[in-house]
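Chemist: What follows is a structure written as structure tokens; I'll ask about it next.
The values are calculated or read from the model by the stated rules, or taken from the named source; none is laboratory data. None of the values given here were measured: they were computed from a predicted structure. Here the Cβ positions follow ideal geometry from the backbone for every residue, glycine too, while neighbour counts run over all protein chains shown.
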Amino acid sequence: MTNPPLRLADRIRPIAVSAIRSLPDVRGRGRLAMTLNAVLLKAGANPVVVAKMADGHSLLRDCRIFAHSLHLFTGVTGIEDLLAVLTAFLEPGGVALDVGANVGTVTVPLAQAAQRVGARVIAFEPFPNNVEWLHQNLQLNNLEQLVTVVESGLSSVSGEATLLLREDFESGATVGNSSVAEPGNAEHFRRVTIQLNTLDALWPTYGSPRLDIIKIDIEGHEDRFLEGARETLIPNRPVILMEVNRSFYRKRGVDFDTLIPQLLPPDCRYFTSPRTEVPSLASVTAGDVLLIPSEKVHRLVS
């Protein structure tokens, strides 16, 4: 049985991707990529494609999702430097935790790092469609044996919760970003029921291995995760890469910059790039921040 012939838009896309990647990383490059992506989708290109990333691994991408299409056209996610620092703290026999694994955009490079040093990854993702893609992305890179995928979110309590399927799903995609609904949240997104657990309850079931590093990207649920993980985090003192998104906390009337430091293991330092330390979480305007226990800062990649 032969595969059906590719549409013209599907044949043109690799040429467009190659052209964009050959351009210098200057202002306007991303806008041009998004314009080309929109034209190709309108011309009937399959929205789902495998992207070969600049670091060598492959990722299944849905080009209806803004971030996914940027990954395809640029070959990078934008946090490669911070991930390199994070994974440098992963050691033989240790564990990397991916909290909010989504479809595996970060899980895959975490697993590659684990493979290099003889460690492993535990990835938590509560939405079934994302979990399916997560498995596919691990299979694409022959990494499934290194990753334990848990179809659950991590929070301060165990039980069922409501998940909001956010902006990515409004494009027609069946995977994407989501957030746990909070009391009084009136946002219009489609809702599904998911399972939540606490890290403290689950960690002993994995044999309580050494926890070296964590990536957290859970759309305003970071404080709930940290509350349910204190008994695990305090003795392990992992290095944490966390997204800073204060908008979710403002809607709850919570001061992110005051609350989060109280929930972290004591004496952490804050970095917005491998060589840029800031005095406090309040100094991080947006994006991602590395939280490094003070006794580990000397091990930063030079």
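Chemist: Cβ-Cβ below 6 Å, separation at least six or inter-chain, first residue in region 193-210 and closer than 18 Å to Ala119 by Cβ, second in a strand (DSSP E or B) and of a type outside the set (D, E, K, R): which pairs?
Modeler: Cβ pairs passing all conditions: Leu199/Leu154; Pro209/Val95.
Chemist: Still on this model: Out of region 146-181, which residues are of a type outside the set (A, V, I, L, M, F, W, C), in contact with a helix residue (DSSP H, G or I) (Cβ under 9 Å, 6 or more places away or on another chain) and not in a strand (DSSP E or B)?
Modeler: As a first pass, look at region 146-181 and keep what is of a type outside the set (A, V, I, L, M, F, W, C): 148, 151-153, 155-156, 158-160, 162, 166-168, 170-172, 174, 176-179.
Filter once more, so that each one left must be in contact with a helix residue (DSSP H, G or I) (Cβ under 9 Å, 6 or more places away or on another chain): 148, 151-153, 155-156, 158, 167-168, 171, 174, 176-179.
Passing the criteria: Glu151, Ser152, Ser155, Ser156, Ser158, Glu167, Asp168, Ser171, Thr174, Gly176, Asn177.
Chemist: I'm checking my understanding of the structure. Among residues of region 247-266 that are charged (D, E, K, R) and in contact (Cβ under 8 Å) with a residue 12 or more places away in the chain, which one is farthest from Ile234 (Cα to Cα)? Step through it out loud before you land on a result.
Modeler: Here is the first cut: in region 247-266, the ones charged (D, E, K, R) are 250-252, 255, 257.
Adding the requirement that they be in contact (Cβ under 8 Å) with a residue 12 or more places away in the chain leaves 251-252, 257.
Numbers: Lys251: 29, Arg252: 26, Asp257: 20 Å.
Per the criteria, the residue is Lys251.
This table checks each residue for (1) surrounded by fewer than 16 Cβ atoms within 10 Å (Cβ to Cβ); (2) among the small types (Gly, Ala, Ser); (3) under 20 Å from Pro238 (Cβ atoms).
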residue	(1), (2), (3)
Leu72	no, no, no
Glu91	yes, no, yes
Asp98	no, no, yes
Thr107	no, no, yes
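Chemist: Oh, and also: Out of the residues in region 182-211 meeting the condition of being in contact with a helix residue (DSSP H, G or I) (Cβ under 9 Å, 6 or more places away or on another chain) and of a type in the set (Ser, Thr, Tyr), tell me which one is nearest to Arg250 (Cα to Cα).
Modeler: Within region 182-211, the match that is nearest to Arg250 (Cα to Cα) is Thr198.
Chemist: Name the pairs: first residue in region 9-25 and under 12 Å from Leu40 (Cα atoms), second residue of a type in the set (D, E, K, R), Cβ to Cβ under 7 Å, at least 6 apart or on different chains?
Modeler: Partner pairs satisfying both residue conditions: none exist.
Chemist: Looking for whichever is assigned to a helix (DSSP H, G or I), under 21 Å from Leu134 (Cα atoms) and either aliphatic (A, V, I, L, M) or not assigned by TED's automatic domain parsing to the domain that holds Glu151 (or both) here; the options are Val49, Val17, Val108, Val85. Which one fits? Can you show your working first?
Modeler: Working: Val49 fails: assigned to a helix (DSSP H, G or I); Val17 fails: under 21 Å from Leu134 (Cα atoms); Val85 fails: under 21 Å from Leu134 (Cα atoms).
So the residue among Val49, Val17, Val108, Val85 that is assigned to a helix (DSSP H, G or I), under 21 Å from Leu134 (Cα atoms) and either aliphatic (A, V, I, L, M) or not assigned by TED's automatic domain parsing to the domain that holds Glu151 (or both) is Val108.
Chemist: Which residues, counting only those in region 88-102, are of a type in the set (A, V, I, L, M) and touching a Phe, Trp or Tyr at 6+ places or on another chain (Cβ under 8 Å)? Walk me through how you get there before you give the answer.
Modeler: Taking region 88-102 and keeping what is of a type in the set (A, V, I, L, M), we get 88, 90, 95-97, 99, 101.
Within region 88-102, Val95, Leu97, Val99, Ala101 meet the criteria.
Chemist: Name the single residue, out of those in region 125-143 being touching a residue at least 60 places away in the same chain (Cβ under 8 Å) and buried (at least 22 other Cβ atoms within 10 Å of the Cβ), that is nearest to Leu86 (Cα to Cα). Break it down into steps so the answer makes sense when it comes.
Modeler: Filtering region 125-143 down to residues touching a residue at least 60 places away in the same chain (Cβ under 8 Å) leaves 126-127, 133, 136-137, 140-141.
From what is left, the residues that are buried (at least 22 other Cβ atoms within 10 Å of the Cβ) are 126-127, 133, 137.
Values: Pro126: 24, Phe127: 25, Trp133: 24, Asn137: 21 Å.
Among those that are touching a residue at least 60 places away in the same chain (Cβ under 8 Å) and buried (at least 22 other Cβ atoms within 10 Å of the Cβ), it is Asn137.
Chemist: Same structure, new question: From the list Leu263, Leu233, which one is of a type in the set (A, V, I, L, M, F, W, C) and either surrounded by fewer than 18 Cβ atoms within 10 Å (Cβ to Cβ) or within 19 Å of Ser179 (Cα to Cα) (or both)? Reasoning before the result, please.
Modeler: Working: Leu233 fails: either surrounded by fewer than 18 Cβ atoms within 10 Å (Cβ to Cβ) or within 19 Å of Ser179 (Cα to Cα) (or both).
From the options Leu263, Leu233, the qualifying one is Leu263.
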